[in-house]
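See structure below.
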Amino acid sequence: QVELEESGGGVVQFGGSLRLSCRASGTIFKIGTMAWYRQGPGKQRELVASITAGGKERMSDSVKGRFAISRHNGENTVSLQMNSLKPDDTAVYYCNAAALTSLYSTPDDVWGQGTLVTVLS
């Protein structure tokens, strides 16, 4: 079983920055794509950014140029650097990973508990 633990959420002023981190732990053979999703008040969960094990990134248009995703494969971590934050970025941010627990297993779709980011206007 693989678990994800997020950290780094909080309250920030308009234009400020925050860095979210997520660490995978448990029985890990390999972590595939890791991603950050968010769900704002009254909104559906949406993809913010993803990064493959090989480092290929995908960013939502709404955060391009402001957010950056990175990962450290050796430590099974993924981070989201968020700059120039806007009130529209207010949401619960969830870490997501495709995790293999053994050579012969199929990837598990694992989610963290979420961390709240609040941007004040």
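The values are calculated or read from the model by the stated rules, or taken from the named source; none is laboratory data. Please read all numbers here as calculations on a predicted model, not as lab measurements. Counting neighbours? That spans all protein chains shown, and the Cβs are built from the backbone with ideal geometry, glycine included. Just so you know, the surface numbers come from the protein's heavy atoms only, side chains and all, with ligands and any DNA or RNA stripped out. Shrake-Rupley method; radii C 1.70, N 1.55, O 1.52, S 1.80 Å.
Pick from region 24-39 the residues that are part of a strand (DSSP E or B) and aromatic (Phe, Trp, Tyr): which of them is most open to solvent (accessible area, probe 1.4 Å)?
37
Could you please tell me which pairs satisfy a Cβ distance under 9 Å, a separation of 6+ or placement on different chains, a first residue in region 38-64 that is of a type in the set (S, T, N, Q), and a second residue that is open to solvent by less than 60 Å² (accessible area, probe 1.4 Å) and in a loop (DSSP other than H, G, I, E, B)?
Final answer for the pair search is 39/114.
Kindly indicate whether any position in region 91-101 is over 13 Å from residue 2 (Cβ atoms), in contact with a Lys or Arg (Cβ under 6 Å, 6 or more places away or on another chain) and either modelled with pLDDT of 95 or more or open to solvent by 40 Å² or more (accessible area, probe 1.4 Å) (or both).
Looking through region 91-101, at least one residue is over 13 Å from residue 2 (Cβ atoms), in contact with a Lys or Arg (Cβ under 6 Å, 6 or more places away or on another chain) and either modelled with pLDDT of 95 or more or open to solvent by 40 Å² or more (accessible area, probe 1.4 Å) (or both).
What residue, of 21, 105, is of a type in the set (S, T, N, Q), open to solvent by less than 80 Å² (accessible area, probe 1.4 Å) and in a strand (DSSP E or B)?
The unique qualifying residue is 21.
Going by the conditions given, is residue 52 of a type outside the set (Asp, Glu), at pLDDT 95 or above and open to solvent by 50 Å² or more (accessible area, probe 1.4 Å)?
no
Filter region 73-90 down to the residues that are more than 13 Å from the chain's Cα centre (by Cα) and farther than 17 Å from residue 45 by Cα, then identify the one that is surrounded by the most Cβ atoms within 10 Å (Cβ to Cβ).
Applying the filter and picking the extreme gives 85.
Could you check residue 42 against (1) assigned to a loop (DSSP other than H, G, I, E, B); (2) open to solvent by less than 50 Å² (accessible area, probe 1.4 Å); (3) under 20 Å from residue 92 (Cβ atoms) and say which number it fails?
Of (1) assigned to a loop (DSSP other than H, G, I, E, B); (2) open to solvent by less than 50 Å² (accessible area, probe 1.4 Å); (3) under 20 Å from residue 92 (Cβ atoms), only one is false for residue 42: (2).
Among (1) assigned to a loop (DSSP other than H, G, I, E, B); (2) more than 16 Å from the chain's Cα centre (by Cα), where does residue 11 come up short?
Here residue 11 clears every test but (1).
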